[in-house]
């Protein structure tokens with residue numbers, strides 16, 4: 001029993017090493033390094049205390065409240081086999097996909113941030129350099145200011161009031177994003193649910209293929225990877241238990257995994273390429289249109305006043 005506990009402790013130490021190295025790990029709770037270290041420390045202490053009290057390890061794993069369900073399933077897989085491949089995959093694959101999601105959305109914000117910064121510089125130049133000259137022409141001709149000039153003058157006079165507020169809003173938004181971005185749900189993105197389903201199917205196929213290629217029966221592989229046959233997609237179910245007509249089941253599962261990964265990559269293109277392009281073009285168009293109105297509306301008012 002102590003040998004099994006030692007295997008769990010060694011596995012936990014490897015998880016901490018991966019997390020400290022910057023690799024994504026998700027044990028079922030928060031994914032930042034401090035939270036993982038704190039959770040692993042609590043789990044180690046709880047298991048050691050349970051064993052010291054004479055409790056069976058399997059019972060301790062089921063009764064420990066400090067153990068997240070995802071981590072519990074990974075540990076049960078670890079104890080059933082001498083290797084830890086499935087357990088590591090179970091705790092790292094989804095975390096890697098989540099990190100890719102955060103990276104993609106962060107890239108959206110970066111592109112829009114650069115665009116808005118350029119717009120802010122242009123607006124600053126407009127209200128401090130261009131608008132005063134236009135206002136001077138209107139004053140010399142005795143013409144009243146239109147709404148665009150009045151707005152620009154107001155923006156210039158209150159510049160050092162709203163600019164710090166704007167920068168503060170950006171800083172707070174950045175802090176909130178860095179702190180809570182790991183919890184961003186897939187359903188909030190176009191095609192996110194289908195992407196998550198494809199990724200999940202690819203992960204299941206990979207785990208089953210790894211076990212089958214190591215000589216584990218399909219039934220035992222499903223038990224170790226906590227896979228429900230009834231919940232599998234038709235293609236994955238065919239590769240797992242269908243008639244392959246002599247083809248290797250491990251190869252069939254790998255082929256299915258590659259198919260679902262290709263599908264996920266295709267779906268991810270929606271928010272990695274199409275959505276950022278459309279959003280950047282839309283926001284850029286609005287900024288250019290607003291800038292054009294600010295510049296040309298005064299001249300329209302000027303021409304109307306002369307007529």
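Coordinate-derived values only; no laboratory data. Quick caveat, the model's predicted, so the values are computed rather than measured. Positions of Cβ are generated from backbone atoms using ideal geometry, with glycine treated the same way; all protein chains shown enter the neighbour counts.
Fewest neighbouring Cβ atoms within 10 Å first, the residues 15, 235 line up as 235, 15.
Please find the FRET efficiency linking residue 274 to residue 52, where r is the Cβ-Cβ separation and R0 is fixed at 35 Å, and quote it to the nearest 0.05.
Numbers: r = 57 Å, r/R0 = 1.63.
That gives a FRET efficiency of 0.05.
Semi-axes of the equivalent ellipsoid for the range 240-294, please: Cα gyration tensor eigenvalues, times 5, square-rooted, ordered largest first, whole Å. Working shown, then result.
Numbers: eigenvalues 489, 7, 5 Å².
Computed over the range 240-294, the values are 49, 6, 5 Å.
If you take all C-alpha pairs in the range 266-307, what percent of them are over 12 Å apart? Please report the intermediate quantities before stating the final value.
Details: 579 of 861 pairs.
It works out to 67 percent of all Cα pairs.
Footprinting exposure proxy ranking of 258, 203, fewest other C-beta atoms within 10 angstrom first, gives 258, 203. Axis of helix 275-306 versus longest Cα principal axis of the chain: the two differ by about 10°, to the nearest ten degrees. Using the Cβ-Cβ distance between residue 118 and residue 171 with R0 = 22 Å, the FRET efficiency computed as 1/(1 + (r/R0)^6) comes to roughly 0.70.
Based on other C-beta atoms within 10 Å, arrange 197, 158 from fewest to most.
Fewest-to-most Cβ neighbours within 10 Å comes out as 158, 197.
Residue separation of residue 183 and residue 69 scaled by 0.36 nm, minus their Cα-Cα distance, works out to 39.3 nm of gained length. Taking 0.36 nm per residue of separation and subtracting the current Cα-Cα distance, fully stretching the chain between residue 111 and residue 45 would add 19.2 nm.
Rounded to 0.05, the FRET efficiency of the residue 162 and residue 247 pair, given R0 = 51 Å and the Cβ-Cβ distance, is 0.15. Axis of helix 192-213 versus longest Cα principal axis of the chain: the two differ by about 30°, to the nearest ten degrees. Once both axes come from the Cα atoms, what is the angle between helix 147-157 and the longest principal axis of the chain, in degrees from 0 to 90, rounded to 10? Result, in degrees: 70. All distinct Cα pairs of the range 2-80 go into the 1/r average, and the inverse of that average, the Kirkwood radius, is 12.7 Å.
Take every Cα pair under 8 Å in the range 98-307 that's 6+ residues apart, average their separations, divide by the length, and report that relative contact order as a whole percent.
Values: 127 pairs, mean separation 64.4, N = 210.
It comes to 31 percent, rounded to a whole number.
For the range 98-307, the average shadow cast by the Cα convex hull is 16.8 nm², which is a quarter of the hull's surface.
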